[in-house]
Amino acid sequence: MYRVMLIDDEESARKLMRASINWEELDMEVVGEAASGIEAINVIDDMKPDIAFVDISMPFMNGIEFTELATKRYPNLIIIIMTAIDQFEYARKCVSLPVFEYMLKPIVRAEVTATLASAKAKLDAEHVKNEALPEPENTNKIEASTIDQIKMYIESNYTDSKLNLTSVAQYFGFSASYLSRKFKQETGKNFVEYLTECRMNAAMKLAAANIKMFKASDEVGIPDPNYFGRCFKKYAGISYSEYVSMKNLKD
């Protein structure tokens, strides 16, 4: 099955997309969602989508910014831009990138299904070509010392909101899948877990210093405070505001 990701800050729009399309009939499945471009960049390596629906109007990193970044890092990703009618021409003019299709919101099921059928045909053709090619060998082998360098690089650059597995793999000259596998083998954690740990440890220090959440989220490389809040609560077990209150009581 082909993997689809929905990137839209409106939860209702994501729910409608999930419910209104017969994904199984198209040999597709929705593997994940994101409420902002920032969140999408953080989770896309885990989702590994073949197709991404991207809303053009989102906070912190809009659809155009996400598309510019994504098409550089994931050249085979099929991107379908979703936009309101008053932004349609803006989208066409601004995105001089390999966007597969531009679609108007609210969605029309028949139009989305037709676009997905075209995307599937493209993916099918690419898979037939790729199956005929020999599996490339990764000539660069990752040693334990290299993993240490990568960990140091993450610890020095976690404040960059665009940092993720693919960008680090490209920086060090490895494929993302190879780095992901070796990083897990050497550290016992996957890449996203390690990056999130670095960010959340820094966030806990900022919370202890009574720094406001919106400022802390930006300082640790997650400028979307909603996504930051979910990450913090998952890591710390309590919300950011609760952690700040707890530290203030102790002091």
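Numbers at a glance
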{"read-out": "Some residue of the range 76-88 being surrounded by 15 or more Cβ atoms within 10 Å (Cβ to Cβ), out of contact with any Ser or Thr (no Cβ under 7 Å at 6 or more places or on another chain) and acidic (Asp, Glu)", "value": "no"}
{"read-out": "Qualifying positions in the range 9-25 - within 21 Å of Ser118 (Cβ to Cβ) and either crowded, with 18+ Cβ neighbours inside 10 Å or touching a strand residue (DSSP E or B) at 6+ places or on another chain (Cβ under 7 Å) (or both)", "value": "Met17, Arg18, Ile21, Trp23"}
{"read-out": "Residue in the range 84-106 that is modelled with pLDDT of 95 or more and closer than 24 Å to Pro223 by Cα present", "value": "no"}
{"read-out": "Unique match (being under 17 Å from the mean Cα position of the chain (by Cα) and either among the small types (Gly, Ala, Ser) or modelled with pLDDT under 95 (or both)) among Gly173, Gly229, Gly188, Gly237", "value": "Gly229"}
{"read-out": "Count of the range 202-251 residues which are in contact (Cβ under 8 Å) with a residue 40 or more places away in the chain and in contact with a Leu (Cβ under 7 Å, 6 or more places away or on another chain)", "value": "2"}
{"read-out": "Residue in the range 67-90 that is more than 17 Å from Thr166 (Cα to Cα), of a type in the set (Lys, Arg) and over 13 Å from the mean Cα position of the chain (by Cα) present", "value": "no"}
{"read-out": "Qualifying residue in the range 221-233 (condition: in a helix (DSSP H, G or I) and of a type in the set (Asp, Glu))", "value": "no"}
{"read-out": "Qualifying residue in the range 148-158 (condition: more than 23 Å from the chain's Cα centre (by Cα) and either at pLDDT 90 or above or not assigned by TED's automatic domain parsing to the domain that holds Lys48 (or both))", "value": "yes"}
{"read-out": "Every pair of residues 6+ apart whose Cβ atoms lie under 9 Å, when the first sits in the range 1-13 and is at pLDDT 95 or above while the second is in a helix (DSSP H, G or I) and of a type in the set (Lys, Arg)", "value": "Tyr2/Lys120; Leu6/Arg14; Leu6/Arg18; Ile7/Arg14; Asp8/Arg14"}
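Yes/no per residue for (1) in contact (Cβ under 8 Å) with a residue 40 or more places away in the chain; (2) within 16 Å of Arg3 (Cα to Cα); (3) part of a loop (DSSP other than H, G, I, E, B):
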site: Ile38; (1), (2), (3): yes, no, no
site: Val43; (1), (2), (3): yes, yes, no
site: Pro49; (1), (2), (3): yes, yes, yes
site: Ala52; (1), (2), (3): yes, yes, no
site: Phe60; (1), (2), (3): yes, no, yes
site: Ile64; (1), (2), (3): no, no, no
site: Leu69; (1), (2), (3): yes, no, no
site: Ile79; (1), (2), (3): no, yes, no
site: Val99; (1), (2), (3): no, no, yes
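The values are calculated or read from the model by the stated rules, or taken from the named source; none is laboratory data. Everything numeric in this text was worked out from a predicted model, so none of it was measured. FYI the Cβ positions are ideal-geometry reconstructions off the backbone, even for glycines, and counts take in every protein chain you see.
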